[in-house]
Amino acid sequence: MRKKIVAGNWKMNTTVPEGVELAKAVVAKSAEVPADVTLIVATPFTHLCPVAAVVEGTRVALSAENCADKEKGAYTGEVSAAMLASAGCKYTILGHSERRQYYGETDEKLVEKTRLALANGLDVILCVGENLDEREAGRHFDVCEAQIKNVLFNFSAEELKHIVIAYEPVWAIGTGKTATAAQAEEIHAFIRKTVAGKFGAEAAEEVSILYGGSCKPSNAKELFAEKDIDGGLIGGAALKADDFIGIAVSF
């Protein structure tokens, strides 16, 4: 039975005190969410330790938004997977479209990041997805397939159990546009089929695939009703506890 997951990616938002208050509000409202839904908050690096203290002993798990592709050493400004685990993280997001677009992250680098995250006991939320030009050119299947093969296919079926896939229609992030439920289901099903081609149908059925494009309380129920959509990687709506929980109760 694959996990239902709602993960909030705060991105570069909130000060530390604001983040602590947001985490407290999410924890306070978490009892409204069905017990079989995993709740995750992904915070900036500066927030991890204080937010870890807030969520400790609750049903809310802590995630980082990224991690380094090196184990340790003279890499000023980087944060390693071991550091994240020691700060209380259970997950890290890797390969977010903004990391790919603004910071030139490659699939090769993501293989190393994923390897280190898994080695340090972190589960990985691996992002894949196409931009507007790729979607309009009808290349969205090719783009997602390549990203999955270039990264995920470097790992074993056992390691796959600790990886969540997040599909991001990049053209829908922060634009107010949303893929229709049918569009989202079509590509989620394709992603699962691609995974099955490498790891087998049984393993693919166990992988949680999240929708990561402008998911809101108003459209979450329709999206989550689809067979291959197992939750959401939430951006803007994660910055308000009411909206975040409003999405999580939509299962």
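Taking +1 at the Cβ of each Lys and Arg and -1 at the Cβ of each Asp and Glu, which of ILE191, GLY212, PHE141 sits farthest along the dipole of the chain towards its positive end, judged by Cα position relative to the Cα centre? The residue sitting most towards the positive pole is GLY212.
Relative contact order for the chain: 23 percent, from Cα pairs under 8 Å spaced at least 6 residues apart, divided by residue count.
Of ALA203, ALA35, ALA179, the residue with the greatest mean-square motion in the GNM of the chain, using alpha carbon springs below 10 Å, is ALA35.
Springs between alpha-carbon atoms under 10 Å, Gaussian network over the chain: tell me which of GLY73, GLY19, GLY213 tops the mean-square fluctuations. Answer for the Gaussian network model of the chain: GLY73. Per residue, the average separation of C-alpha pairs within less than 8 Å and at least 6 apart gives segment 83-148 a relative contact order of 36 percent. From the residues TYR103, GLY73, LEU152, which one has its Cα farthest along the dipole of the chain in the positive direction, the dipole being from +1 and -1 charges on Cβ of Lys/Arg and Asp/Glu about the Cα centre? The residue sitting farthest along the positive end of the dipole is GLY73. Here the Gaussian network model covers the chain, with springs between Cα atoms less than 10 Å apart; of CYS215, CYS67, CYS49, CYS49 fluctuates the most. Over segment 64-140, the ratio between the Cα radius of gyration and 2.2 N^0.38 Å evaluates to 1.20.
Residues in segment 70-81 carry Karplus couplings, in order, of 10, 6, 5, x, 7, 10, 3, x, 8, 10, 7, 4 Hz; the curve used is 6.51 cos²θ - 1.76 cosθ + 1.60 with θ = phi - 60°, and Gly or Pro positions show x.
Placing unit charges on the Cβ atoms only, positive for Lys and Arg and negative for Asp and Glu, gives segment 1-143 a dipole magnitude near 460 debye about its Cα centre. Calculation over all alpha carbon pairs of the chain in 10 angstrom steps from 0 returns a P(r) of 8, 34, 39, 18, 1 percent. Loop-located chymotrypsin sites (Phe, Trp or Tyr not before Pro) in segment 1-108 (DSSP state other than H, G, I, E, B) with a sparse environment of at most 15 neighbouring Cβ atoms within 10 Å: TYR75. The magnitude of the dipole of the chain, with charges of +1 and -1 set on the Cβ of Lys/Arg and Asp/Glu and taken from the Cα centre, is near 360 debye. In this simple spin-label model, placing a label point 7 Å from the Cα along the Cα-to-Cβ direction at both GLN101 and PHE153 gives a separation of 2.7 nm.
Where a number appears in this text, it was derived from the coordinates with a stated rule and is not lab data. Nothing here was measured: the structure is a model prediction, and the numbers come from that model. In this analysis, Cβ positions are derived from the backbone assuming ideal geometry, glycine residues included, and neighbour counts consider all displayed protein chains.
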